[in-house]
Amino acid sequence: MSEAATAPAGAASAGAGVASASSGAAPVPADNTPAPAGAVPAGTATAVAPGAEGAPGSAGPPAPAPSPATGRGPLYLALGVVLLALNLRPALVAVSPLVDTIRGDSGMSAAATSLLTALPLLCFGLLAPVAPRLGRRLGMERALFGTMVLICAGTALRMVDSVVALFAGTVVIGAGIAVANVLLPGLIKRDFPAKAGLMTGLYSMSLFGGAALAAGVTLPVQQASGMNWRTTLACWGALAVVALLVWLPQTRSRTRVGAAAARQAAHPVRGLWRSPLAWQVTAYMGLQSLNYYAAAAWLPTVFQDAGMAAGDAGWMLSFSSLLGIAGSFLAPVIVGRRLRSGTLAALGAVLCALGFAGLLVAPVGGAYLWMTLLGLGQGAAISLALLFIVQRAPDARHAAQLSSMSQCFGYVLAATGPTLLGAVHDVSHSWTVPLVLLLVLLVPQVVAGLGAARDRHVAGIG
């Protein structure tokens, strides 16, 4: 992972709430080491904010500030980011409402069908280290364009009447999403330094929105149109085509930077895995992802085992996702204005804890209240996990590498969640122990969140 190269030239910029070098403020110290005013923390890559010289030890006038890597201005770029984010979940989430139909048509076992959701999570983790290399080699804009091409190609491949094609298409889609997951926080860090909180909120809100949309409308669309399940899944490729068209102008305009900044951006950030702060960001990403995916996989079953109808149990999960949209948007927007990010990380965990505790006591009677608490808490957690990547990185190169590290370990950990919870249920023959386990895992999540919330920058070499 430390070998992975990062974002393209022009990546250096300051994060939201962190004064940039061009403002004359002292840089945020790396990890726990205080830095004197104007000093660059030891061990931290010395890419600097726009307007400051980018080469270590170089002299002379400041390098010109990089122009935004946009084709039509910041609003058009923001629209492109939202559309990209909207495509990072529907092609995968849309499988869940159609699982019974897919099994009946293909003859696959339940275990084989579960791979349609497990494989993308493994792709998210295992392919995350590749993303910074692609960002450096192709440029961030072109690499992100390529992710939408992969999603379109994978969606088309799943239309082929073959189980092999179904799984191959799912892996191709997972690969595209894995790269976009890593690169988008770096792009937000680079191109929206003064609006990182707002853009992270829009980004995470779009993730939840795409998932909720797919979960809520896939089955009704199939039933109303009479399409088979392959064609229904393929319909989500249309959203990726729209994103491709909107993002296309970004691929024609590469960021313009000074020679010093260009030389620095061409080198990868190494040794990030030695940073305790980077591991705290990674741990928070992994634990909140495990919490979300384990709950999403089994909560409908929890409700059904408690006596709720299958249709109502599925709606509860969609309802929680809708509340997650609000939580994911509000969390990064209010950080630094009304609440510190560490406080919000703890508050999000408390909301989740109340939701899980309620499910233990009265799963059906208070279902709407418990799922409201879970939706808000989990939405805030994923948004904070993405915001920590942006805020704890001194520039977009470090942001891309930190994003790669946290998502590599985080999603591999998350992929174990549904299986672990199912295994504990099989042994205990009830949902009490699995829900208590999710409650217990919120404790290290809070500890990691408080550590990741410290106003420091990760330290890397290069």
> Has the range 416-438 got any residue that is touching a Lys or Arg at 6+ places or on another chain (Cβ under 7 Å) and either open to solvent by 10 Å² or more (accessible area, probe 1.4 Å) or not hydroxyl-bearing (S, T, Y) (or both)?
Replying inline: no
> Do the conditions hold for L184, that is, is it open to solvent by less than 20 Å² (accessible area, probe 1.4 Å), in a helix (DSSP H, G or I) and out of contact with any Pro (no Cβ under 8 Å at 6 or more places or on another chain)?
Replying inline: yes
> So which residues in the range 100-135 are open to solvent by 10 Å² or more (accessible area, probe 1.4 Å), within 25 Å of A294 (Cβ to Cβ) and under 22 Å from the mean Cα position of the chain (by Cα)?
Replying inline: S114, L115, T117, A118, L119, L121, L122, C123, L126, L127, P129
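Anything in the range 350-375 that is part of a helix (DSSP H, G or I) and over 26 Å from L450 (Cα atoms)? List them, or say none. Spell out how you get there, then give the answer.
Start the filter on the range 350-375 by keeping residues that are part of a helix (DSSP H, G or I), which leaves 350-361, 367-375.
Within the range 350-375, L359, L360, V361, A367, Y368, L369 qualify.
Which of the residues spanning the range 263-299 are at pLDDT below 70 and open to solvent by 40 Å² or more (accessible area, probe 1.4 Å)?
Of the range 263-299, the ones at pLDDT below 70 are 263-268.
Listed by number, the residues that qualify are R263, A266, H267.
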> Can you name the residue in the range 210-247 that is closer than 24 Å to M140 by Cα and in contact with a Leu (Cβ under 8 Å, 6 or more places away or on another chain) and, of all such residues, is most open to solvent (accessible area, probe 1.4 Å)?
Replying inline: V242
> When you scan the range 319-349, how many residues do you find that are surrounded by fewer than 21 Cβ atoms within 10 Å (Cβ to Cβ), small (G, A, S) and either in contact with a Phe, Trp or Tyr (Cβ under 6 Å, 6 or more places away or on another chain) or part of a helix (DSSP H, G or I) (or both)?
Replying inline: 3
>> For the range 136-159, give me the residue count where each residue is touching a Ser or Thr at 6+ places or on another chain (Cβ under 6 Å) and surrounded by 24 or more Cβ atoms within 10 Å (Cβ to Cβ).
In response: 1
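Yes or no: the range 368-388 includes at least one residue that is farther than 21 Å from Q445 by Cα and buried (at least 20 other Cβ atoms within 10 Å of the Cβ).
Residues of the range 368-388 farther than 21 Å from Q445 by Cα: 368-369.
Subset that is buried (at least 20 other Cβ atoms within 10 Å of the Cβ): none.
Scanning the range 368-388 turns up no residue that is farther than 21 Å from Q445 by Cα and buried (at least 20 other Cβ atoms within 10 Å of the Cβ).
The values are calculated or read from the model by the stated rules, or taken from the named source; none is laboratory data. These figures come from a predicted structure and were not determined experimentally. Every residue, glycine as well, gets a Cβ built from its backbone with ideal geometry; the counts of neighbours run over all protein chains shown. Only protein heavy atoms, including side chains, enter the accessible area calculation; ligands, DNA and RNA are left aside. Shrake-Rupley method; radii C 1.70, N 1.55, O 1.52, S 1.80 Å.
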